[in-house]
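Read the figures in this text as sums done on the coordinates, not as results from a lab. Predicted model, so just to flag it, every value in this text is computed and none were measured. Ideal geometry is used to build each Cβ from the backbone, glycine not excepted, and the neighbour counts take in all protein chains shown.
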Amino acid sequence: MTTTEIPAPARTAKTTPAKRPKRQREGAAWVFLSPWVLGAAVLTLLPMAVSLYLSFTDYDLFNPPQWVGLRNYTQMFTEDPRYWRSVVATLTYVVIAVPLQLGLALVVALALKSMRRGRAFYRSAFYAPSLLGASMSIALVWRAVFNDGGTVDNLLGTGGWVNKPGWALFAVALLTVWQFGAPMVIFLAGLQQIPSELYEAAAVDGASRWRQFLSITVPMLSPVIFFNLVLQTIQAFQVFTPAFAVSAGKGGPADSTLFYTLYLYDRGFVASHMGYASAMAWTLLLVIGAVTAVLFRTSRSWVFYASEGDR
Amino acid sequence: MPGNRTRKSWRSWPSRRARTPWPSRTTAATLALCAAAALTGCSDSGESSSAGGKAVLRYTWWGNPDRAARTQAAVDLFEKKHPDIDVQTSFSGYDAYKQKLATQAAGGDAPDVMQLDYRMIDQYASGGVLLDLAKQRSALSTADIDKGLLATGVVDDRQYAVPQARGTETIVYDTKQWKAAGVELPREGWTWNDWADAMRALAEKTGKPGGTDPGWSEDAFEVWLRGQGKSLYTKDGKLGFTADDLTRYWTFTDRLRREGAVSPAEETTQLDGTVENTPLGRGGRALSDNNWDAPSSGFLALVPTGVTLAPMPSGEDGTPGQYFKPSMFMGIADSSGHPEESARFIDFMLNDMDAAKILGATRGIPVNESIREKIAPELKDFDKTVADYQASVDGTLNSPPQAPPSGDSALQTTFQRDYDQVSFERMSPREAAEDYVTEAKAELRS
């Protein structure tokens with residue numbers, strides 16, 4: 001900052017002295033930001049703009065895109081039963097995986113909070129799957145574990161989950177639930193922020209553990225629960241790697257794990273309908289935006305902020 | 001993370017950002033410069049080039065490690081014979097290869113020499129990716145290549161690709177177990193009904209499904225269809241069959257599945273063309289499989305007691321459905337900076353005797369007729385099995401159909417998805433067939 005301010009007096013003659021230094025400071029900021037601004041513009045905004053354009057075209061990668069107006073969108077909503085199957089699979093997955101994952105994260109966080117020794121060790125141990133889980137190799141191991149003749153089949157005699165429609169989705173959801181480490185760490189941080197006086201006062205008044213949980217922990221933690229809920233919901237809508245690997249790239253059996261992103265990938269890169277895939281991507285973006293907006297709206301009635309309590 | 005802080009930052013963040021003015025002119029200029037630098041940086045790295053006076057060719061293919069080892073040995077020999085050419089190779093599995101190549105081609109960055117599937121020819125040729133090979137006739141000889149097979153690389157009267165080998169489908173079975181079951185062995189000219197009877201008899205005798213459910217496979221359906229004198233596609237690239245045909249086929253396979261004569265839905269849904277995922281390959285969960293002849297070599301490692309290759313069933317009137325399919329094509333990128341060297345490399349892979357000896361039947365039996373005759377006695381192990389099998393059906397088969405239209409590679413996946421709905425009993429064969437035909441028509445129209 002100081003270096004850019006030095007030449008300022010020499011130039012002030014040209015413009016109003018008050019305005020120039022500030023502009024220059026901002027200019028310097030933009031120069032320092034340029035790698036990221038450039039990255040965002042070239043690698044994110046530009047491709048997004050292109051994909052918005054492509055969503056109104058028929059583009060097969062080989063021939064130039066041809067403008068088709070809204071045809072991709074109308075085809076998607078009215079003529080493609082597999083599209084709706086993928087929507088149903090995705091929604092089912094979101095509704096199953098997100099609450100389970102957050103519930104487990106909260107339970108483990110509560111257990112860790114009351115722990116006196118070895119908390120750091122267990123925190124790391126439970127967090128580890130979050131680091132590993134996104135990788136292809138874990139997803140492949142998952143497929144092997146839940147396949148016929150795999151560990152689960154041998155222990156429970158249930159056959160291969162990944163080859164049964166209705167079961168396969170649970171195998172994928174379990175992989176997500178297993179990665180509860182990230183929300184758990186956030187919950188743990190949130191729990192430690194709750195003033196202990198509240199619990200002490202409640203204990204003096206004779207409130208049970210369960211009563212304390214409902215009346216103190218949940219409301220005080222609600223901003224953190226909300227934060228985790230929004231984040232995990234957005235992520236769940238975009239799930240790709242686990243479903244791709246667990247279903248061996250097909251979203252099977254019988255399209256039961258053909259999640260939205262998987263079908264999008266299938267349309268774009270397997271069937272070479274980039275226009276259609278782009279239209280799907282934009283629809284997904286709008287839907288996630290809408291779902292997030294709804295979550296924010298409902299948050300007014302159940303998320304408690306300490307600052308509001310002061311007012 | 002106290003709640004009040006979280007809320008404040010959410011509230012104040014957008015408004016502060018809104019006040020920030022757009023960057024000044026100097027900053028914009030700097031950004032533009034950076035952008036320009038980044039773009040030139042990109043375009044430099046993309047071009048195929050010459051290193052130290054050598055022409056550098058990029059050659060990509062799909063296949064397994066065995067094919068990779070033999071291909072690399074052939075490439076090494078080529079480089080020895082042509083010290084001025086350096087060939088850089090890369091390979092992967094078919095699905096990944098197909099997707100990567102399409103993306104490369106769309107970006108104008110197709111490799112100089114590429115291996116292509118029959119299903120890709122039409123799309124790549126009409127999309128302007130491939131070089132008209134007539135331009136390199138002096139470097140690439142096609143004189144010895146089987147005329148019928150050579151014609152499969154022609155699109156719009158131009159030769160865009162040359163097949164490297166030919167393959168045909170087969171019923172591959174566990175020799176020992178089939179014989180032990182006491183069921184009559186497959187013979188030439190057997191029909192689909194004979195096959196179905198054999199599947200039922202095997203299941204009854206052994207308690208295991210007689211074979212893989214062929215309902216998932218568009219390839220098997222094509223054989224069945226051709227046995228009735230029909231085809232997957234018409235000459236002008238339209239659908240060559242009706243929903244009624246497909247309903248009959250799926251009703252036929254679905255009934256066998258319900259009877260336990262062929263593999264259950266949980267097995268069938270795992271099929272992806274690799275022998276490792278077939279019921280026969282997964283520890284003998286069935287006694288037979290239908291597959292392509294060359295890849296069936298993979299069964300040797302999976303079925304220790306040995307396998308035999310039998311012809312595909314014919315139509316009830318004896319019309320053969322299977323055909324010799326050009327199994328892998330080689331083509332040159334229209335954008336290649338070294339078309340002549342590329343042509344010379346293809347010529348070597350197709351017509352050089354030493355190369356043929358190294359490559360064996362890893363891509364199928366060679367299409368070069370003089371080479372096929374000369375190396376036949378030298379083929380060993382499974383290469384010989386495949387060669388003998390092909391010789392046994394040679395001359396009895398009808399000529400191959402022309403290259404499938406562009407939409408076909410997507411439809412292959414659709415076919416399997418729709419049959420999943422049938423075998424898991426979520427749709428009737430009729431419903432699934434109607435679904436498929438609707439989607440196929442949309443796919444072929446675009």
| field | Residues whose placed amide H lies under 5 Å from that of B:Gln88, excluding near-sequence neighbours | value | B:Leu57, B:Arg58, B:Tyr59
| Alpha carbon centroid spacing (whole Å) that separates the stretch A:116-149 from the stretch A:160-220 | 19
| Approximate spin-label separation B:Gln72-A:Leu52, in nm, with each point projected 7 Å along Cα-to-Cβ | 4.8
| Of all DSSP beta bridges in the protein assembly as shown, what percent run antiparallel (nearest 5)? | 70
| said: Can you compute the FRET efficiency between B:Thr191 and A:Leu70 using 1/(1 + (r/R0)^6), with r the Cβ-Cβ distance and R0 = 35 Å? Round to the nearest 0.05. | reply: 0.10
| task | List every DSSP H helix in chain B whose Cα atoms extend 15 Å or more along the helix's own long axis and whose mean Kyte-Doolittle hydropathy is at least 0.5. | result | B:25-46
| field | Residues in the stretch B:411-446 that a label on A:Val88 would reach, taking backbone N under 14 Å of a point 7 Å out along Cα→Cβ | value | B:421-422, B:425-428
| query | What FRET efficiency comes out for the pair B:Ala96/B:Thr251, r = Cβ-Cβ distance, R0 = 41 Å, nearest 0.05? | reply | 0.75
| field | Shape category assigned to the stretch B:253-405 from the gyration tensor of Cα positions, a/c cut at 1.5 | value | prolate
| Each label point is 7 Å from the Cα along the Cα-to-Cβ direction; what then is the distance between the points at B:Thr234 and A:Arg300, in nm? | 6.1
| Scaled to the compact-protein estimate 2.2 N^0.38 Å, what is the alpha-carbon radius of gyration of the protein assembly as shown, rounded to two decimal places? | 1.15
| request: Per DSSP H run of at least 4 residues, take -39500 (n - 2.57); add these up for chain A, divide by its residues and hand me the 222 nm value, nearest 500 deg cm²/dmol. | output: -21000 deg cm²/dmol
| task | Give me the number: length gained by fully extending B:Gln88 to B:Asn398, i.e. 0.36 nm times residue separation minus the C-alpha to C-alpha distance, one decimal in nm. | result | 107.8 nm
| Cα-derived Rg to Rh of the stretch B:204-281, Kirkwood definition | 1.03
| remark: Simple SL model, points at 7 angstrom along Cα→Cβ for B:Ala180 and B:Lys80; separation in nm is 4.6
| request: Report ³J(HN,Hα) in whole Hz for each residue of the stretch A:95-101, in order, from the Karplus equation J = 6.51 cos²θ - 1.76 cosθ + 1.60 where θ = phi - 60°; Gly and Pro get x. | output: 5, 7, 6, 5, x, 4, 5
| message | Let me check I've understood the local charge: for A:Lys113, count other residues with C-beta under 12 angstrom from its C-beta, Lys and Arg +1, Asp and Glu -1. What total comes out? | response | +3
| said: Can you compute the charge dipole magnitude of the stretch B:46-198 about its Cα centre, using +1 on each Lys and Arg Cβ and -1 on each Asp and Glu Cβ, nothing else charged? Give it in debye, rounded to the nearest 20. | reply: 340
| message | Along the charge dipole of chain A, pointing to its positive end and built from +1/-1 on Cβ of Lys, Arg, Asp and Glu, which listed residue (A:Leu131, A:Ala203, A:Val95) has its Cα farthest out? | response | A:Ala203
| query | How large is the charge dipole for the protein assembly as shown, taken about the Cα centre, if only the Cβ atoms of Lys, Arg (+1) and Asp, Glu (-1) carry charge, to the nearest 20 debye? | reply | 4820
| query | What's the extension gain from A:Phe240 to A:Thr151 if we count 0.36 nm per residue and subtract their Cα-Cα distance? | reply | 29.7 nm
| query | Karplus couplings for the stretch B:397-407 from phi (6.51 cos²θ - 1.76 cosθ + 1.60, θ = phi - 60°), rounded to Hz, Gly and Pro as x? | reply | 9, 7, 5, x, x, 6, 3, x, x, 3, x
| Kirkwood hydrodynamic radius of the stretch B:73-191, from inverse mean 1/r over distinct Cα pairs, in Å | 17.9
| query | Rounded to a whole number of µm²/s, how large is the Stokes-Einstein D of the stretch A:81-310 at 25 °C and 0.890 mPa s, given Rh as the Kirkwood radius over C-alpha pairs? | reply | 126
| Relative contact order for the stretch B:236-368: what is it in percent, counting Cα pairs under 8 Å that are at least 6 residues apart? | 13
| query | What full-extension length gain, to one decimal in nm, is calculated for B:Glu378 and B:Ser126 as 0.36 nm per residue of separation minus the Cα-Cα distance? | reply | 86.8 nm
| message | Exceeding 22 Å between C-alpha atoms, which entries from my cross-link table qualify? They are B:Lys80/B:Lys135; B:Lys54/B:Lys81; B:Lys179/B:Lys205. | response | B:Lys80/B:Lys135
| Spin-label zone in the stretch A:152-186 - amide nitrogen under 18 Å from a point set 7 Å from the Cα of A:Leu104 along the C-beta vector | A:152-153, A:156, A:161-162, A:167-186
| task | About the Cα centre of the stretch A:81-310, how large is the charge dipole given +1 on each Lys and Arg Cβ and -1 on each Asp and Glu Cβ? Please answer in debye to the nearest 20. | result | 240
| task | Name the residue farthest towards the positive end of the dipole of the stretch B:77-227 from the options B:Gly211, B:Val87, B:Gln159, assuming +1 on Cβ of Lys and Arg, -1 on Cβ of Asp and Glu, about the Cα centre. | result | B:Gly211
| message | Could you compute how fast chain B diffuses translationally, taking Rh as the Kirkwood radius over C-alpha pairs and applying Stokes-Einstein at 25 °C with viscosity 0.890 mPa s? Give it in µm² per second. | response | 101
| task | Would you mind calculating the relative contact order of the stretch A:81-310 from Cα pairs under 8 angstrom and at least 6 residues apart, reporting the percent as a whole number? | result | 28
| Distance-filtered residues of the stretch B:239-274 - backbone nitrogen under 17 Å, label point 7 angstrom along A:Trp167 Cα→Cβ | B:264-271
